[in-house]
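The values are calculated or read from the model by the stated rules, or taken from the named source; none is laboratory data. What you see is a predicted model; the values in this text were computed from it and never measured. Every residue, glycine among them, receives a Cβ derived from its backbone with ideal geometry; neighbour counts consider all protein chains shown.
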Amino acid sequence: MSLFHALLLGAVQGLTEFLPISSSGHLVLVQHLLHLQGDSLSFDVLLHFGTLLAVVVALRRDLIHLLTRPFDRLVGLLIISTIPTVAIGLIFEKTFESIFHSGATLGIEFIITGTMLLYVESLAHHERPVLAREMKYHSAFWIGMAQGAAILPALSRSGLTLCTALGAGIERKDAVRYSFLLSVPIILGATVFELKDIPQSQFVLNPILLAGMAVSGITGYIAIRFLLRMIERASLRPFGYYTLVLGALILGDQLVFHAFF
């Protein structure tokens, strides 16, 4: 892998992991557009580690607060959200592995992501928004189910969890923060899970791959800070329109033109 491609994929991973537009979907898309083969599993691990560092640094105060208060209600809610995600990942990993790499369902998944973002912004909430720690336990479960559905590449993890949280009446900025906190055990688990499949001979700290990891971390941090600041003042509609149009273009190529898919 060239340095340019490592930096590009690192930026794509970092920016799209936390914005509600799907990181895995964009990585598959970029690899198809540039005719890149997945370079190595170790690079995937490093990209995940970069975004993990980003969310840990950006939400370090929240994480320290939770680690020092393990019986806090918010910790219990995060655990409830994590359980269905892990279950779905373990059960359907092999089923969706070929779909993930082929990108066969990429177009329709981007369209689903965009539709959900636009739909949740159209909802009129007449009740007072609640904080994440005040949500009902069944709401936390459904947020975890939504995150589990993002095992499909272009279903955005942050987008689906955010839509489900907003649909449950959670205050906007708190919904984003909850989605980010929920990403920590999932990204950490995915990183550890992938480590076991890396042959010892392949696990080399290549400077090019490390550069990609650094870019994923930096751009991931920027994406987190951006979304936390803009969510109170701005709408999710631009992300919805973007993924809707992108999905339509990909679907057109998949069905008609076959230039990339």
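For this structure, a couple of remarks:
- Filtered by the rule that a residue be of a type in the set (D, E, K, R) and under 25 Å from I108 (Cβ atoms), the stretch 225-245 gives a lone residue, R237.
Yes/no matrix, rows are residues, columns are (1) in contact (Cβ under 8 Å) with a residue 40 or more places away in the chain; (2) more than 15 Å from I187 (Cα to Cα); (3) part of a helix (DSSP H, G or I):
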{"position": "L63", "(1), (2), (3)": "yes, no, yes"}
{"position": "R69", "(1), (2), (3)": "no, yes, no"}
{"position": "L74", "(1), (2), (3)": "yes, yes, yes"}
{"position": "L78", "(1), (2), (3)": "yes, no, yes"}
{"position": "T85", "(1), (2), (3)": "yes, no, yes"}
{"position": "L90", "(1), (2), (3)": "no, no, yes"}
{"position": "F96", "(1), (2), (3)": "yes, yes, yes"}
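Per-residue answers, yes or no, for (1) at pLDDT below 90; (2) under 21 Å from A149 (Cα atoms); (3) under 16 Å from the mean Cα position of the chain (by Cα); (4) part of a helix (DSSP H, G or I):
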site	(1), (2), (3), (4)
Q13	no, yes, yes, yes
E17	no, yes, yes, yes
P20	no, yes, yes, no
G25	no, yes, yes, yes
L29	no, yes, yes, yes
L36	yes, no, no, no
D39	yes, no, no, no
S42	yes, no, no, yes
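- Any chance L195 is under 30 Å from F4 (Cβ atoms), among the aliphatic types (A, V, I, L, M) and either within 17 Å of the chain's Cα centre (by Cα) or modelled with pLDDT of 95 or more (or both): no
- Looking across P238, P185, one residue alone is assigned to a helix (DSSP H, G or I), in contact with a Ser or Thr (Cβ under 6 Å, 6 or more places away or on another chain) and either modelled with pLDDT under 95 or surrounded by fewer than 19 Cβ atoms within 10 Å (Cβ to Cβ) (or both). It is P185.
- Residues (of a type in the set (F, W, Y) and touching a Lys or Arg at 6+ places or on another chain (Cβ under 8 Å)) located in the stretch 138-153: none
- Checking F141 against (1) within 17 Å of P20 (Cβ to Cβ); (2) at pLDDT 95 or above, the condition it does not meet: (1)
- Output for the stretch 133-165, where each listed residue is charged (D, E, K, R) and either buried (at least 24 other Cβ atoms within 10 Å of the Cβ) or within 19 Å of L246 (Cα to Cα) (or both): R157
- Single residue of the stretch 117-132 satisfying the filter (in contact (Cβ under 8 Å) with a residue 60 or more places away in the chain and within 16 Å of T161 (Cβ to Cβ)) that is surrounded by the fewest Cβ atoms within 10 Å (Cβ to Cβ): E121
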